[in-house]
Amino acid sequence: MVVSIMHLPPLFPRRLLAGLSLLLIAAAAQAVPEAFEVGPSQKDELPGGKEADGIIGDFILRNDKIEAVISGNLPLRRANMSTFYGADGVTPGCLYDLTLRGANNDQLTIFAPAQQQGAVSWVRVVKDGRDGEAIVETALTGANHAGLARYHQYQLKAGWEGVRIVTTLVNESAEAKTVNLMDKVTNFTRTGNALGITWADAIDPADKAGYAYGLVDTPAAVVPAKPYSLPSGESVTVTRFLAVGTSPVDALGAVAAQRGPVGQVAGRVRAPGGVAVTTAEILVRTAGDSDANVGVLHPDEEGRFVVDLPAGRYSLTFTDLGRPDVVEMLTVKARSLAKLEVEMPAAAAVAFNITDEAGAGLPCKAQFLALGDTEAVNLGPKNRAHGCLDQYHSEKGKFRVQLPPGKYRVVVTRGIEFSHLAKEVTLAAGKTEAFTGTLKRLVDTRGWVSADYHNHSTPSGDNTCGTADRVINLAAEQIEFAPTTEHNRLFDWRETIDRLGLSAEIQTVPGIELTGRYAHFNSFPFKPEPRTQDSGAPVWNDDPRITAITLRDWQGAEPDRWVQINHPDMVKNFTDADGDGRMDGGFHGLAQLIDGVETENYSGSSILEGRPFRIGKNKDGKESVQPLREFIWLQLLNRGHRYAAMAVCDAHAVHGNGVGGWRMYLPSKSDKPAEIDWRENSRHAKAGHSYLTTGPFLQVTTSDGTGPGDTTRTAGPNVKLNVRVQCTDWIDIDRVQVLVNGRARPELNFTRATHPKLFRDGVVKFDSAIEVALSEDAHLIVVATGENSTLATGYGTSDQAKIHPLAYHNPIFIDVDGHGFTPNGDTLGFPLPVAKMSVEEARRQLGEPAPAKK
């Protein structure tokens, strides 16, 4: 409830809190702003944050309140991979970073004034701030821009909580030009416009940052949302103020203060007993006929908030998951202070204490599945660990999750080696239910470690998952070795792993995913060069062979360096490079330059489909031929290709496209993640000593102990395969199939229905020796799958839930004649696929009839 609302004398300074010294505020207001170019000795002056991209050669603009980075006129200068694509994807002279001074909480990818993009003539300091004003200018002269000159000035004075951005376009050509004055700002999902001001919230509200911008001192005739006709010899100027705050409303108020007098709102939100409600969100709307969404307020760690707002009537909705909303009306008067005290009811919550068998806390994932009439819960955005839709990923196993009162099925897991916990929980209003339990290691993987060679966080640019969120996601799903593979920048997750206290759970090595229009490559190890463009990464090339060679030699040759092709276009890379529909062998020599290909990339497997393509539908809803990379890999194995198959998640979010679903197991001298040797892991991966799995832990050896990736000589016409499959208590299999040179022999197909005595119901699902008769050299692959089950228990509403349990391994090569292994060249009943195959030709090859005409 509101304890008091009162109006105090005018001209109270912004963010006036009880007991704050007016003298200190006055002194801070006199602080001189600064503008300077960042050299090697100033690199530590660059601000930090989730989206911070400042490097040596950029420009810092700062005062007592905020700090910003303007990108320098540097080669290939860009914020991240996906800010802009194409040849003009570079963005020197744009605002990259903006955060409160010392907060290191940048959430902005780019503010491109008037969609500034491409090369510029200069970026320079116009005023360094000693006269009370700091200015950095970006210019593109008319001579270098078809007669249209562009000038952007980033201006800052003491006390401002944002940057004044003045754009002037001058038509130096002989003809009128139509210009676009719309700004480009990224990367946000929760945005709005109120009072003529655009606002944006941080992707993760828990980061407590907000931005806002709006026109100031701009003629009413200039409307950036509309194309503007600029006559020859004339100019147009547009000025806007871009502010940063602890929330969108905070930033919006700073913009409003640039336009004229504002009032101030200072408040605090608490729970019973005076405990600060730090997780509350305060939704602010204008009241009356001009109802508009003004944005969101985030209280600080004491539950306090202080913001400026234009004079008017507002409604404030105090909301916090697990508590009833509280709505209050408030009148704001110019140059006055309104104070607000709100008490929210106690929250309903579940308090967890999850341990291993030794009593130690451990990373885990909790799902909250609504039952009965209870509405599905939304704990937060899908790209964060601590509350993503109906999941919560914890790094330590001790955590508390607020939920609306209701009935839930709560499921706790820790990857595919541990047991799970599940029970129904009924939450009453204001009550906390305890959930304690032990996750037991059920699957024996001694001598093997789990690995996923391809995942992302927000430095990649094509996603907004925080790096800490990705690391927690990896730990909760028990991935033990995860190379750092951000798009187009050398990066290292080690600092984040250590900061989270997860060094005993995850091993990493700095690396990259080098990305362009065609083949993408993951590679490691490299040494990131902080505060340089892409942290010292090389440039991608259209020809995958050049990219592979570049990665092999970058920063010096490294014998154990790993290079793989991601989500490969098997046709373009290996059968039809120019895409003309005729087989040309792909990029000749590429197979010898890589170590592995991703046969499995997040979704379900097609290794048992027995065909090289499907007929599906593209984004336009039209039928298209869709190659199946697993089958083509089998065809290429028979043609002598020996690169290893890889299974990865390629995660960009936490819920949905998160970690889990696919992983690999590789041999390791140590079972402790902190002791994993990346060189040993890479060598085993290169040799194909790996199992690919969505859940079952498969082990296969010949009688003499030969396993995946290796070659053995038979002593007779038959080979005996010792096959063992373990599954945790929420995974099952019902089929084991042996592939001989890529063909699924009927006599080597074992199911629960046809061979019930071979299958079990405990952790060990299958443990038998299988005789394989051979008449020629052969590569053998065992596939274990649960065709009648899914991963739903472990993944709930996340996309991985639909995947079937499935595991297979890289081939075991059998030399029958003693002359060394010779591939048989069998293309498995289909020609190697090429590009431009028509749907009609695909149906002919598949033996499928054309659909009946409607």
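The values are calculated or read from the model by the stated rules, or taken from the named source; none is laboratory data. None of these values were measured; they are calculated from a predicted model. Methodologically, a virtual Cβ is constructed for each residue, glycine included, from the backbone with ideal geometry; neighbour enumeration extends over all protein chains shown. Areas reflect the complete protein model, heavy atoms only, side chains present, ligands, DNA and RNA absent. Shrake-Rupley method; radii C 1.70, N 1.55, O 1.52, S 1.80 Å.
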* Asked: Going through region 704-728 one residue at a time, which ones are closer than 28 Å to Lys440 by Cα, part of a strand (DSSP E or B) and of a type outside the set (A, V, I, L, M, F, W, C)?
  -> Asn722, Arg724, Gln726
* Asked: Condition test on Lys423, is it under 23 Å from Ala360 (Cβ atoms) and without any contact (Cβ under 8 Å) to a residue 40 or more places away in the chain?
  -> yes
* Asked: Do you know which of the residues in region 423-443 that are open to solvent by less than 60 Å² (accessible area, probe 1.4 Å) and not β-branched (Val, Ile, Thr) is nearest to Met344 (Cα to Cα)?
  -> Gly430
* Asked: Inside region 526-554, can you point out the residues that are farther than 17 Å from Phe587 by Cβ, out of contact with any Asp or Glu (no Cβ under 7 Å at 6 or more places or on another chain), in a loop (DSSP other than H, G, I, E, B) and not aliphatic (A, V, I, L, M)?
  -> Phe526, Lys527, Glu529, Pro530, Arg531, Thr532, Pro538, Trp554
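To keep it simple, each residue is scored yes or no on (1) over 29 Å from the mean Cα position of the chain (by Cα); (2) assigned to a strand (DSSP E or B); (3) modelled with pLDDT of 95 or more; (4) within 23 Å of Thr246 (Cβ to Cβ).
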position: Thr91; (1), (2), (3), (4): no, no, yes, no
position: Tyr96; (1), (2), (3), (4): no, yes, yes, yes
position: Arg124; (1), (2), (3), (4): yes, yes, yes, no
position: Gln153; (1), (2), (3), (4): yes, yes, yes, no
position: Gly159; (1), (2), (3), (4): yes, no, yes, yes
position: Val166; (1), (2), (3), (4): yes, yes, yes, no
position: Ala174; (1), (2), (3), (4): yes, no, yes, no
* Test Gly660 against the criterion of being within 19 Å of Ala792 (Cα to Cα) and in contact with a Cys (Cβ under 8 Å, 6 or more places away or on another chain), and give yes or no. => yes
* Asked: Which one is most open to solvent (accessible area, probe 1.4 Å), of the residues in region 176-201 that are in contact with a Pro (Cβ under 6 Å, 6 or more places away or on another chain), part of a strand (DSSP E or B) and not hydrophobic (A, V, I, L, M, F, W, C)?
  -> Thr178
* Asked: Quick one: how many residues across region 194-223 are touching a residue at least 60 places away in the same chain (Cβ under 8 Å) and under 24 Å from Gln155 (Cβ atoms)?
  -> 7
* **Count of residues meeting criterion [open to solvent by 50 Å² or more (accessible area, probe 1.4 Å) and on the phi > 0 side of the Ramachandran plot] in region 257-290** => 2
* Asked: Is region 343-358 home to any residue that is of a type outside the set (Ser, Thr, Tyr), outside any loop (DSSP other than H, G, I, E, B) and within 27 Å of the chain's Cα centre (by Cα)?
  -> yes
* Within region 610-644, which residues are touching a residue at least 60 places away in the same chain (Cβ under 8 Å) and in a helix (DSSP H, G or I)? -> Arg629, Phe631, Ile632, Trp633, Leu634, Gln635, Leu636, Leu637
* Could you identify the single residue in Thr83, Thr109 that is among the polar types (S, T, N, Q), open to solvent by less than 10 Å² (accessible area, probe 1.4 Å) and under 17 Å from Asp53 (Cα atoms)? => Thr109
* To do: Enumerate the pairs (first residue in region 86-106 and within 20 Å of Ala212 (Cα to Cα); second residue anywhere and aromatic (Phe, Trp, Tyr) and surrounded by 16 or more Cβ atoms within 10 Å (Cβ to Cβ)) with beta-carbon separation below 6 Å, excluding pairs fewer than 6 apart on the same chain, so at least 6 apart or on different chains.
  => Leu95/Phe111
* To do: Please list, ordered by first then second residue, the pairs with beta carbon atoms under 7 Å, 6 or more apart or interchain, first in region 238-260 and within 20 Å of Thr167 (Cα to Cα) and touching a residue at least 12 places away in the same chain (Cβ under 8 Å), second assigned to a helix (DSSP H, G or I) and of a type outside the set (Phe, Trp, Tyr).
  => Phe241/Val255; Phe241/Gln258; Ala243/Ala251; Ala243/Ala254; Ala243/Val255; Val244/Ala251
* Structure fact -> Within region 385-410, the count of residues that are assigned to a strand (DSSP E or B) and either in contact with a Cys (Cβ under 6 Å, 6 or more places away or on another chain) or under 22 Å from Cys649 (Cα atoms) (or both) comes to 5
* **Cβ-Cβ under 8 Å pairs, at least 6 apart or on other chains, region 307-323 side touching a residue at least 12 places away in the same chain (Cβ under 8 Å), far side open to solvent by less than 30 Å² (accessible area, probe 1.4 Å) and acidic (Asp, Glu)** => Val307/Asp250
* Asked: So which residues in region 682-703 are among the small types (Gly, Ala, Ser) and outside any loop (DSSP other than H, G, I, E, B)?
  -> Ser682, Ala685, Ala687
* Restricting attention to region 202-230, report how many residues are aliphatic (A, V, I, L, M) and open to solvent by 50 Å² or more (accessible area, probe 1.4 Å). => 6
* Per-region count, region 29-50, residues aliphatic (A, V, I, L, M) and either open to solvent by 50 Å² or more (accessible area, probe 1.4 Å) or modelled with pLDDT under 95 (or both) -> 3
* Kindly indicate which of Thr141, Thr99 is hydroxyl-bearing (Ser, Thr, Tyr) and closer than 22 Å to Glu234 by Cα. => Thr141
* Within region 650-675, tally of residues that are open to solvent by less than 10 Å² (accessible area, probe 1.4 Å), in a loop (DSSP other than H, G, I, E, B) and within 17 Å of Phe697 (Cα to Cα) -> 3
* Could you tell me whether any residue of region 624-636 is surrounded by fewer than 18 Cβ atoms within 10 Å (Cβ to Cβ) and farther than 23 Å from Gly709 by Cβ? => yes
* Asked: Looking at (1) in a loop (DSSP other than H, G, I, E, B); (2) under 28 Å from Thr467 (Cα atoms), which is the one condition that is false for Asp131?
  -> (2)
* **Scope region 363-376; condition crowded, with 23+ Cβ neighbours inside 10 Å and assigned to a loop (DSSP other than H, G, I, E, B); matching residues** => Pro363
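Yes/no matrix, rows are residues, columns are (1) open to solvent by less than 60 Å² (accessible area, probe 1.4 Å); (2) among the hydrophobic types (A, V, I, L, M, F, W, C); (3) under 24 Å from Pro746 (Cα atoms):
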residue: Asp767; (1), (2), (3): no, no, yes
residue: Val772; (1), (2), (3): yes, yes, yes
residue: Val783; (1), (2), (3): yes, yes, yes
residue: Gly786; (1), (2), (3): yes, no, yes
residue: Ala807; (1), (2), (3): yes, yes, yes
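Conditions (1) modelled with pLDDT of 95 or more; (2) touching a Gly at 6+ places or on another chain (Cβ under 7 Å); (3) exposed (fewer than 15 other Cβ atoms within 10 Å of the Cβ); (4) part of a strand (DSSP E or B), marked per residue:
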site: Ser4; (1), (2), (3), (4): no, no, yes, no
site: Arg15; (1), (2), (3), (4): no, no, no, no
site: Ala18; (1), (2), (3), (4): no, no, yes, no
site: Ala27; (1), (2), (3), (4): no, no, yes, no
site: Asp53; (1), (2), (3), (4): yes, no, no, no
site: Ile56; (1), (2), (3), (4): yes, yes, no, no
site: Leu61; (1), (2), (3), (4): yes, no, no, yes
site: Glu67; (1), (2), (3), (4): yes, no, no, yes
site: Asn73; (1), (2), (3), (4): yes, yes, no, no
* Residue list for region 291-330, restricted to those being modelled with pLDDT of 95 or more, assigned to a loop (DSSP other than H, G, I, E, B), surrounded by fewer than 21 Cβ atoms within 10 Å (Cβ to Cβ) and among the small types (Gly, Ala, Ser) -> Ala311
